[in-house]
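What follows is a single structure, written as structure tokens, with notes after it.
Laboratory data are not the source of any read-out in this text; all were calculated from the coordinates shown. A quick note: this is a predicted structure, and the numbers were derived from the prediction, not measured. So basically every Cβ, Gly included, is an ideal-geometry build from the backbone, and we count neighbours across all protein chains shown.
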Amino acid sequence: MSGRATDTPGADAEAAPPGMLLVHPDGSSFRFDPGALCLDLLPTGGPGPLAYFEVLHGPADLVDWAGRSRLPGGLDLVVSPAEVVAARRLRDALWRLAEARAAGEPAGADDLAAVNDAAERPPLTARLTADGGREWSAAGATGTGLLSTVARDAVDLFTGAYAHRIRTCGGDGCRLLFVDTSRPGRRRWCSMERCGNRHKVRAHRARTTSAGTRTASAGARTAARGD
């Protein structure tokens, strides 16, 4: 599990690979792409022990997250303290819903209500520009609109073609969730540079230890026979 999201591909897509750069409280960092906007929100903290990773303390923190999420840049948000509380409530509900889906368990009624309530509010709106691009509408860019956009993304994810591919990282002790959008559908890790690499290191050590034990045992048997 990780803490603060510090950058995203939206800031400099050519210079950085996809995903957020997450920084753990121990100072280590790695890039993580959860594959969906609603799952982008989860590494900001969470329920229970995940509160250790909390970074949404005030309005500026939610604005910062929005700018570093997979949302297009240029969003001018106005966020209130009450909307930060609502963001934490929505995030915690999304944690429980995503973990339940990944485990094949039923969704909690209160968590469904939290997502559906947020999704009912007016979302952020974008408009087409003269040069064929898109920009955010200057009016109504609030924290409530941001949370509605996140909640609607969750509705799309949980009811869409990749709903069965919501997964928990296979790393020991890692609870990060992602949607596996790879063609073969065999993604196991939050990040190859973190949990994937740790698995490789452990597997290599186990093979080396096993080989050393077999060699030592063979040597002992040879010595016992006096060969």
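Note on region 147-188: Cα-only Rg and Dmax are 11.7, 33 Å.
With Rh defined as the Kirkwood radius, the inverse of the mean 1/r over Cα pairs, the Rg/Rh of region 57-134 is 1.05. P(r) tail for region 67-186: Cα pairs beyond 21 Å make up 47% of the total.
Which three semi-axes in whole Å describe the equivalent ellipsoid of region 15-111, each the square root of 5 times a Cα gyration tensor eigenvalue, listed largest first?
Value: 21, 18, 14 Å, ordered largest first.
Summing charges over neighbours of Leu90, with a neighbour being any other residue whose Cβ is under 13 Å away from its Cβ, gives -2 when K and R count +1 and D and E count -1.
A simple packing score, the average count of other Cβ atoms within 10 Å per residue, orders the peptides 175-186, 53-64 as 53-64, 175-186, with the highest score first.
In terms of the ratio Rg/(2.2 N^0.38 Å) built on C-alpha atoms, what value belongs to region 109-162?
Cα Rg divided by the expected 2.2 N^0.38 Å: 1.34.
For the listed peptides 36-43, 166-173, a ranking on the average number of other beta carbons within 10 Å per residue, highest first, reads 36-43, 166-173.
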